[in-house]
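Derivation of every value follows stated rules applied to the coordinates shown; laboratory data play no part. The shown structure was predicted, so the numbers you read here are calculated from the model rather than taken from an experiment. Neighbour counts are summed over all protein chains in view; Cβ atoms, including those assigned to glycine, are modelled from backbone coordinates with ideal geometry.
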Amino acid sequence: MGSTLQLINAIRVSLSLNHRRWLWVRGPSMAAMAICGLALASAAPLAPVAPSTSSSFPATVRTNKLPVSCLTSPDRVVDIGSSIVGVVSSVKVDVGDRVRKGDLLITLAASVERAGVKAAEARSDIDADVRAAQANLELATQRHVQAQQLQSQGFVSSGATEQARVEREIAAQKLAQAKGQRKVSSRELGVVQAQLRQRESHSPFDGMVIERYVHPGERVEDKPMLRVAKLNPLRVDLVMPASRYGSVAVKDSLRIQPDLPGVEAKVARVTHVDPVIDSASNTFRVRLTLPNPGNTLPAGVRCRLEMPGADVAAAAFVARPAQQALQTR
């Protein structure tokens, strides 16, 4: 207590005469505050402040994973259309139906094309011209042989033999012409069959119908009729900071957690890493493929990706000034 009074007297002596009146008015309260402060100091001296271990900063520093948001989408989405103008005859599927590659989806009115196919099939089946030409060639060949034998015996002249040979050559050319005509008929059948197939729309892959735009009786030109999505596998797109460039490579396996209740984390494989970093956002894109047998996971679901070995320098940079402030207080 004696040291406290001595300190107060030293403070009063050090003040100038112009401030004595202010001191005597304000002095008692200030002195009381000083006395309380010194008393507390003498009773419990301040100890150095140790870095806190219960603040929120160590939770960030201890975390060794970088959460990255991602989005699942169909591997492929196509709009089914028609290459020709026509009227919808029938729609075989509806929204939500699963389809296999090659399944018939939509047919256009094709009565004329079907009639053309039947006529072409009939023409291609006709082989009477070929058989007649074949018989004529055989007869001309026999006449030529007989003419040669008679000429060798001196019964006919060489002119008759030459005429028989020419007739045989003509018969052979007619046979070739008949066979060629039949081949043309078969090609014409292929043309009309292709025209008929243009009236049909098939699924290009295994997937699911997600949109339907037309109904029977509607006229279609260049607008899509159906939209089909391939849901196995799914495509996962994510954007990563440039500081993580080089930590992911093609064919790497990563675990993603879909934002759906009760769905476990799944393993996806990296298929593409963007070689260009976006300077505006300082990020780059990564694409993964996620197997989805049975279409158990719907497309369009948001997900989270945790990358091991995240950079904790930023967290340490934030925690260091706070610890320094605690130590200097």
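Taking a 32 Å limit on the Cα-Cα distance, which of the listed pairs 118/179; 118/174; 92/183 fall beyond it? Check vs 32 Å cut-off fails for 92/183.
Just need the Rg to Rh number for region 231-301, please, alpha carbons only, Kirkwood Rh. Numbers along the way, then the final one.
Working: Rg = 13.2 Å, Rh = 13.1 Å.
With Rh from the inverse mean 1/r over Cα pairs, Rg/Rh is 1.01.
Checking every one of the trypsin sites (Lys or Arg not before Pro) in region 233-305 against DSSP loop status and a limit of 11 other Cβ atoms within 10 Å picks out 251.
Ranked highest first by average number of other Cβ atoms within 10 Å, how do 74-83, 256-265 line up? Don't skip to the answer; put the middle values down first.
On the way: 74-83: 16.3, 256-265: 12.6.
Highest to lowest by the protection proxy: 74-83, 256-265.
Counted by Cβ distance under 10 Å from residue 199, the other residues give a net charge of 0, where Lys and Arg count +1 and Asp and Glu count -1.
Straight-distance candidates among the lysines for linking to residue 251, with alpha-carbon spacing under 26 Å and chain neighbours fewer than 8 residues away dropped: 65, 230, 266. With Cα atoms as the point set, region 142-292 shows a radius of gyration and Dmax of 36.0, 106 Å.
Please list, by residue number, every one of the chymotrypsin sites (Phe, Trp or Tyr not before Pro) in region 137-224 that is coil in DSSP and has at most 11 other beta-carbon atoms within 10 Å. Please report the intermediate quantities before stating the final value.
Working: sites: 155, 205, 213; in loops: 155, 205, 213.
Here the chymotrypsin sites (Phe, Trp or Tyr not before Pro) that fit, given the DSSP loop and packing criteria, are 155.
Cβ under 11 Å from residue 96's Cβ, residue 96 left aside: what net charge do those residues give with Lys, Arg +1 and Asp, Glu -1?
Details: positive: 98, 212; negative: 94, 97, 211.
Around residue 96, the charge tally is -1.
Under 19 Å of direct C-alpha separation, and excluding same-chain neighbours fewer than eight residues apart, residue 223 reaches these aspartates and glutamates: 79, 94, 200, 211.
Computed as a quarter of the hull surface, the mean projected area of the alpha carbon convex hull for region 110-198 stands at 5.8 nm².
Below 11 angstrom from the Cβ of residue 295, what's the summed charge of the other residues (Lys, Arg +1; Asp, Glu -1)? Let's see the in-between values first.
On the way: positive: 98, 230; negative: 206.
Computed value for this residue: +1.
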